[in-house]
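Comments concern the structure below.
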Amino acid sequence: MPRLNSFQLQIKTGQNGPAEPPRYSINGFVIEFEEMSGGIGPGETLEATGNPGSFPHSLSLCGPKEGAWDIEGITATYFPHGEPPYTVRFDAVTLDDQSDLNIWQDRPAQVFDV
């Protein structure tokens, strides 16, 4: 597992957005995103960057402390140390104060024709 220098999330909010800025958790430590642009209101899109500079044994998008967050979809781009970046997509999900979303995904296997 390579060290994760940074990651970027593009999050499309559905009908309900959280009341507070989103956070992420890496290896059990809850952290605020270092950079954010856009919005988290209904129908808005947020672009958020985390710079953990650590080995991600676990990486999660935290649910809001109150209420629910309807997410239509997430595009995550990972920037591992010494390797090219890669992107994965997540389907719709609803997060609340009892749920987080595991956003750590290993690099997809390389596909080639034989």
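The values are calculated or read from the model by the stated rules, or taken from the named source; none is laboratory data. Everything quoted here is computed from the prediction, not taken from an experiment. When we count neighbours, we look across all protein chains shown, and the Cβ atoms used for this are built from the backbone with ideal geometry, even at glycine.
Side notes on the structure shown:
- 2 or more residues of a type outside the set (S, T, N, Q) and free of Cβ contacts under 8 Å to residues at least 40 places away in the same chain: qualifying strands (runs of 3 or more DSSP E) within region 61-114: 86-90, 93-96
- Residue within region 58-80 that is modelled with pLDDT under 95 and more than 25 Å from Glu20 (Cα to Cα) present: no
- Failed criterion for Phe7 (all others in (1) modelled with pLDDT of 95 or more; (2) more than 12 Å from the chain's Cα centre (by Cα); (3) among the aromatic types (Phe, Trp, Tyr) hold): (2)
- If you filter region 80-114 down to residues that are under 13 Å from the mean Cα position of the chain (by Cα) and of a type in the set (Phe, Trp, Tyr), you find that the one that is farthest from Gly28 (Cα to Cα) is Phe90.
- Here Asp96 qualifies as touching an Asp or Glu at 6+ places or on another chain (Cβ under 9 Å) and acidic (Asp, Glu).
- In region 25-46, residue farthest from Tyr78 (Cα to Cα) [restricted to those that are touching an Asp or Glu at 6+ places or on another chain (Cβ under 8 Å) and surrounded by 12 or more Cβ atoms within 10 Å (Cβ to Cβ)]: Gly38
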